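First up is the structure itself, then whatever we jot down about it.
Here, each number is a calculation from the coordinates, and none is a lab measurement. What you see is a predicted model, and the numbers here were worked out from it, not measured in a lab. Using ideal geometry, Cβ is built from the backbone for each residue, glycine included, and neighbour counts are taken over all protein chains shown.
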Amino acid sequence: MQFIIISGMSGSGKSRAVAALEDLGYYCVDNLPIALIPTFAQVCMAATEQYQKVALVTDVRAGGNFDQLLSSLDSIRSMGCDYRILFLDTATQTLINRFKETRRKHPLMNEGLSMTQAIQREREMLEGIRGKADYVVNTTRLSAAGLRDHLIRLFSPGGSERLLDISVQSFGFKYGIPTEADLVFDVRFLPNPYYEISLREHNGTEKEVRDYVFQGGTADELMNHLTALIDFLIPRYIAEGKTSLVICIGCTGGKHRSVAITEALAEHLRGNNGSVTVTHRDFMR
């Protein structure tokens, strides 16, 4: 089991770290009381199939003595649960600016402290866990996408290129454009098998239909442009933090041309990317 403890300064980006780890398949729990950490670890270890990758956020919101946190971590390690600590730190002025931008109070300001005093008090409280951290990430100059990319490099064995789930979907314009589409391509200019009586009841997954669509070289030229564009876009979407991409290919009825091009595009993408799924929305209509 992979077990990550996330801690750090309020406003340093822990919620964004949780989102990145969730994209990596981690089961994440935020703000668990310190006293419950050993029990939670026991549950996860007893159900390893369900909880193979776990991330737990603990910070000043959990309350209690942080010496108790270190004791709880020693306890789960003695149970055989090997964990790593990720600590997010940020410069004080940057934290102040972030709280002002979001119009939120620092959690320790409820104790009557000014924001600067609250941040300093929090640093003192977290000093022990920061000293034990396996990874200390300073987010002062990191954008949300930059933090995500950094965490991917830390915790994803395959790197960021594995994180974009791609769905390629064929559809018929007569039934409407899929609402979930990120990119839509119209292939109604290609040869239409519908007008061949022997092919009308078949669909673009079949060789005869695909050969008809690709006759004359226009579809091949389309694929050269389309694959070059998608290959250009994918790493740039990843760099901006996108985790899924829905590419929709449309023809009139969604049965012949769009299906053939969808299959060809998916075949290309599977050779260069991780998760690629294919859906033919309308080809059975």
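Could you point to the residue in MET45, PRO193, THR252 farthest towards the positive end of the chain's charge dipole, with +1 and -1 charges on the Cβ of Lys/Arg and Asp/Glu respectively?
MET45
Quick one: check the C-alpha center-to-center distance for region 1-79 versus region 207-285, whole angstrom.
When both Cα centres are located, 41 Å separates them.
At 7 Å along Cα-to-Cβ for each site, give me the label-to-label distance between GLN93 and SER75 in nm.
Here the answer is 4.2 nm between the modelled labels.
Taking 22 Å as R0, compute the FRET efficiency from the Cβ-Cβ separation of SER275 and LEU36 and round it to 0.05.
So the FRET efficiency works out to roughly 0.05.
Which order do peptides 79-87, 50-58 fall in by mean Cβ count within 10 Å, highest first?
So the order, starting with the most tightly packed, is 50-58, 79-87.
Just to be sure I understand the model, the point goes 7 Å from the Cα along the line to the Cβ. What's the resulting GLU180 to ARG103 distance in nm?
3.5 nm
Compute the length gained on full extension between GLU124 and GLN52: take 0.36 nm times their separation in residues and subtract their Cα-Cα distance, giving the result in nm to one decimal.
Result: 22.6 nm gained on full extension.
Under 20 Å between C-alpha atoms is the cut-off here; go through the chain and count lysine pairs that meet it, provided they're at least eight residues apart or on different chains.
Pairs that pass both the separation and distance tests number 7.
Return one number: the angle in degrees, 0 to 90 and rounded to the nearest 10, between the long axis of the Cα atoms of helix 144-155 and the longest principal axis of the Cα atoms of the chain.
90 degrees
Could you give each residue of region 186-195 its phi-based ³J(HN,Hα) in whole Hz, using Karplus coefficients 6.51, -1.76, 1.60 with θ = phi - 60°, and x for Gly or Pro?
Computed from phi, the couplings for region 186-195 are 9, 10, 6, 7, 7, x, 9, x, 4, 7 Hz.
So what's region 1-49 giving for Cα Rg divided by 2.2 N^0.38 Å, two decimals?
My calculation over the Cα atoms of region 1-49 gives 1.21.
Angle, helix 115-131 long axis vs. longest principal axis of the chain, Cα atoms, 0 to 90°, nearest 10?
Value to nearest ten degrees: 80.
If you average 1/r over every pair of different alpha-carbon atoms in region 164-280 and take one over that average, what Kirkwood value in Å do you get?
Kirkwood hydrodynamic radius for region 164-280: 14.4 Å.
Fully extended, how many nm does the chain gain between ASP165 and TYR27 (0.36 nm per residue separation, minus their Cα-Cα distance)? Provide the component values of the computation, followed by the final result.
Details: separation 138, 0.36 × 138 = 49.68 nm, distance 1.83 nm.
This chain segment gains 47.8 nm when fully extended.
Could you tell me the calculated FRET efficiency between PHE189 and ALA228, based on Cβ-Cβ distance and R0 = 25 angstrom, to the nearest 0.05?
0.85
Which whole-percent values make up P(r) of the chain when all C-alpha to C-alpha distances are grouped in 10 Å steps starting at zero?
Pairs per bin, as whole percents: 6, 23, 22, 17, 14, 11, 6, 1, 0.
Which angle between 0 and 90 degrees, to the nearest 10, do you get for helix 14-23 versus the longest principal axis of the chain when only C-alpha atoms count?
Here the helix axis deviates by roughly 40 degrees.
How high is the FRET efficiency between SER244 and ALA145 when r is their beta carbon distance and R₀ equals 22 Å, given to the nearest 0.05?
0.90
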